[in-house]
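The values are calculated or read from the model by the stated rules, or taken from the named source; none is laboratory data. Just so you know, these numbers come straight off a predicted model, no measurement behind them. Neighbour counts run over all protein chains shown; Cβ positions are idealised from the backbone, glycine included.
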Amino acid sequence: MTNLQNLSVEQLRKVVAIKEEIERLEAKLAKVGSGRGPGRPPGAAAVPVVRRRRRKMSAAAKARIGAAQRARWAKVKRGKAAPVKKVKRKRRVNAATRARLAAIARARWAKVKEAGKSAL
């Protein structure tokens, strides 16, 4: 940079005008780039965020709410009988029936093979 003492008045005015233009453009760039204006610090948000505090519930209030909910469920369940689960048992076939079914299947397959087929 040149020495400012050796500049004429005209040149000094130009330097001041250029510096002001640079500051104006930097402020504009900061405003566009980060959502901050020239007067805000770098960490500040563009619009202050207002956070609402969560309400705290006392243990007694929680207990009252829980007791009321249990009472409501008891009233609902009072009218209904406990559901009885019906267990579906597997059907069992005794040995005589199994033998009879096997004989029927063998006879069916004998007819199929006699006809020269390989499927029913």
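Among the candidates 93, 87, 50, single out the residue that is at pLDDT 80 or above, part of a loop (DSSP other than H, G, I, E, B) and surrounded by 10 or more Cβ atoms within 10 Å (Cβ to Cβ). Spell out the reasoning first.
Values: 87 fails: surrounded by 10 or more Cβ atoms within 10 Å (Cβ to Cβ); 50 fails: surrounded by 10 or more Cβ atoms within 10 Å (Cβ to Cβ).
Just a single option satisfies the conditions, and that option is 93.
Is it the case that some residue within the stretch 5-25 is out of contact with any Phe, Trp or Tyr (no Cβ under 8 Å at 6 or more places or on another chain), part of a helix (DSSP H, G or I) and modelled with pLDDT under 85?
We begin by selecting, within the stretch 5-25, every residue out of contact with any Phe, Trp or Tyr (no Cβ under 8 Å at 6 or more places or on another chain); these are 5-25.
When the remaining residues are screened for being part of a helix (DSSP H, G or I), the result is 5-6, 9-25.
Narrowing further to those that are modelled with pLDDT under 85: 5-6.
The answer is yes; a qualifying residue exists.
Name the pairs: first residue in the stretch 70-97 and of a type outside the set (Asp, Glu), second residue part of a helix (DSSP H, G or I), Cβ to Cβ under 8 Å, at least 6 apart or on different chains?
Correct list of pairs: 93/101.
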